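K.L.:
Attaching a single structure in structure tokens format; questions to follow.
The values are calculated or read from the model by the stated rules, or taken from the named source; none is laboratory data. Bear in mind that the values here come from a model prediction, so they are computed numbers and not experimental data. Methodologically, a virtual Cβ is constructed for each residue, glycine included, from the backbone with ideal geometry; neighbour enumeration extends over all protein chains shown. Note: accessible area is taken over every heavy atom of the protein model, side chains too, but ligands, DNA and RNA are not part of it. Shrake-Rupley method; radii C 1.70, N 1.55, O 1.52, S 1.80 Å.
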Amino acid sequence: MPSLIVTDAGEEHPITVGGIIGSSVVPLLVGTGAALLLALWKLVFLRIAQYVGSGLALLSVAGPLSADADGSTVAALSLMHITLGVAVFTTLRLHRRHR
């Protein structure tokens, strides 16, 4: 089981449920909401947001990969970022298909 503790400049920072929600659910809701609102104006924003949003989520995997933490914590945090990227892509794709 991962310790879910990241060390930064010699100081330990535990990863909390609030931190996970704040760094995964909030960006997912804000980004997807913005894309859906922009799509009311121009439908092309769904496709753009689908690739940009999922790409940014996948690029954010660099944070956990460069973190000073045990391997299982790095793997858990990386998987969270990858899951977010897949969720963005899939959510916007499904919405685009139903329009």
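K.L.:
Select, from 18, 85, 33, the only residue that is in contact with a helix residue (DSSP H, G or I) (Cβ under 8 Å, 6 or more places away or on another chain) and in a helix (DSSP H, G or I).
P.N.:
Unique residue meeting the criteria: 85.
K.L.:
Can you confirm whether the stretch 35-43 contains a residue that is open to solvent by 60 Å² or more (accessible area, probe 1.4 Å) and more than 28 Å from residue 94 (Cα to Cα)?
P.N.:
The answer is no; no qualifying residue exists.
K.L.:
Taking the stretch 55-73 on its own, how many of its residues are of a type outside the set (Gly, Ala, Ser), in a loop (DSSP other than H, G, I, E, B) and either under 12 Å from residue 86 (Cα atoms) or open to solvent by 50 Å² or more (accessible area, probe 1.4 Å) (or both)?
P.N.:
Looking only at that region, the number is 1.
K.L.:
Tell me the residue from 43, 36 that is in contact with a His (Cβ under 8 Å, 6 or more places away or on another chain) and over 30 Å from residue 13 (Cα atoms), please.
P.N.:
That would be 36, the only listed residue that is in contact with a His (Cβ under 8 Å, 6 or more places away or on another chain) and over 30 Å from residue 13 (Cα atoms).
K.L.:
Of all residues in the stretch 1-38, which are farther than 24 Å from residue 76 by Cα and touching a residue at least 24 places away in the same chain (Cβ under 8 Å)?
P.N.:
Within the stretch 1-38, 35, 36 qualify.
K.L.:
Just give me the residues in the stretch 9-34 being touching a strand residue (DSSP E or B) at 6+ places or on another chain (Cβ under 7 Å) and either within 18 Å of residue 66 (Cβ to Cβ) or surrounded by 13 or more Cβ atoms within 10 Å (Cβ to Cβ) (or both), in sequence order.
P.N.:
12, 13, 15 - these are the residues of the stretch 9-34 that are touching a strand residue (DSSP E or B) at 6+ places or on another chain (Cβ under 7 Å) and either within 18 Å of residue 66 (Cβ to Cβ) or surrounded by 13 or more Cβ atoms within 10 Å (Cβ to Cβ) (or both).
K.L.:
So, one more: Which of (1) at pLDDT 90 or above; (2) over 15 Å from the mean Cα position of the chain (by Cα) does residue 82 not meet, given it meets every other one?
P.N.:
The one condition residue 82 does not meet is (2).
K.L.:
Mind checking whether some residue in the stretch 45-54 is in a helix (DSSP H, G or I) and of a type in the set (Val, Ile, Thr)?
P.N.:
yes
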